[in-house]
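Have a look at the structure below before the remarks.
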Amino acid sequence: MQISAELVASAADARDFPRDRLPEVALIGRSNVGKSSLINALVRRQVARTSAAPGKTRVANFYRVRRGAVFHLVDLPGYGYVRASRPGSGQGGRDAAAREFTRLTEAYFSRGSGIRGPGSEEARRIPDPGSRIPIGVLLLVDARHPGLESDLDAWAWLETQPCARAVVGTKADTLTRAERARHTRELESMFASPVPLVSARTGEGLDELWKTIANLPSQTAR
Ligand code: GDP
């Protein structure tokens, strides 16, 4: 199957999100989970910058992808990266990291859905159901580390959003056969959902992931 992909927007702010109303599949996950590598593996070219490249910034990258249909693949900022927390700040560093993740991500998910911060100008507007862009979300989790609190928190938060969602375990190539079986069991029990494993390095699971992606936005068109 022919695939084309190009970066169409790198948005530091909701104002920079593209305005053409293509269906979207968003990817979220902890920093270093392998999101950029997976995007590159899916579209079979280097469109996304991986961690090895300097200057990776906290933006939402929109890729226009054609694979049969045309849609946006959206690379949202990673969460859970460690910030130097000030002495005596307790959970402050973690909270700050969480805030940074949520700012752009919340802006992304609230687009057109009428869900806004309380008291905001947008909250007072009547939401237009017809303006909602169908969005499906893939939560990427590192298959080596099942059940990280931040991943479970992200999944619980996604449940509150009007979008279809699926969990995917990355870096499957790093696991032994026994670990694959055990980690898949653990992941599926924690997320109460199927958790297919993929590897950007070997290409394992990518065909199945394309099928999941193809079905995601249509599930949201309700
Ligand atoms: P991002 O921060 O989520 O975009 O993560 P990157 O795609 O930049 O990858 C983070 C690190 O994980 C890099 O060192 C990658 O080489 C490595 N990585 C990504 N995908 C895989 C994979 O499928 N298998 C293995 N073994 N390593 C991977």
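Arrange the residues Lys171, Lys211 by how much accessible surface each exposes, largest first, with a 1.4 angstrom probe. Could the numbers behind the result be given before it?
Working: Lys171 55, Lys211 135 Å².
Order by accessible area, largest first: Lys211, Lys171.
Extension gain for the segment Ile3 to Asp16, taken as residue separation times 0.36 nm less the Cα-Cα distance, is 2.2 nm to one decimal.
For the full complex of protein chains and a 1.4 angstrom probe, list Asp207, Asp13 by accessible area with the highest value first. Mind dumping the intermediate values first?
Numbers: Asp207 105, Asp13 50 Å².
So the residues, ranked largest to smallest area, are Asp207, Asp13.
Got a number for the accessible area of Leu152? Probe 1.4 Å, square angstrom, nearest 10. Answer for Leu152: close to 60 Å² accessible.
Solvent exposure of Trp210, expressed as accessible area, is near 20 Å², computed with a probe of 1.4 Å over the protein chains only.
Taking R0 as 25 Å, what FRET efficiency do you get between Arg182 and Arg44 from their Cβ-Cβ distance, rounded to the nearest 0.05? Between Arg182 and Arg44 the formula returns 0.20.
The values are calculated or read from the model by the stated rules, or taken from the named source; none is laboratory data. The shown structure was predicted, so the numbers you read here are calculated from the model rather than taken from an experiment. Cβ: placed from backbone, ideal geometry, glycine included. Neighbour counts: every protein chain shown. Side chains are part of the model used for accessible areas, which takes the heavy atoms of the whole protein and leaves out ligands, DNA and RNA. Shrake-Rupley method; radii C 1.70, N 1.55, O 1.52, S 1.80 Å.
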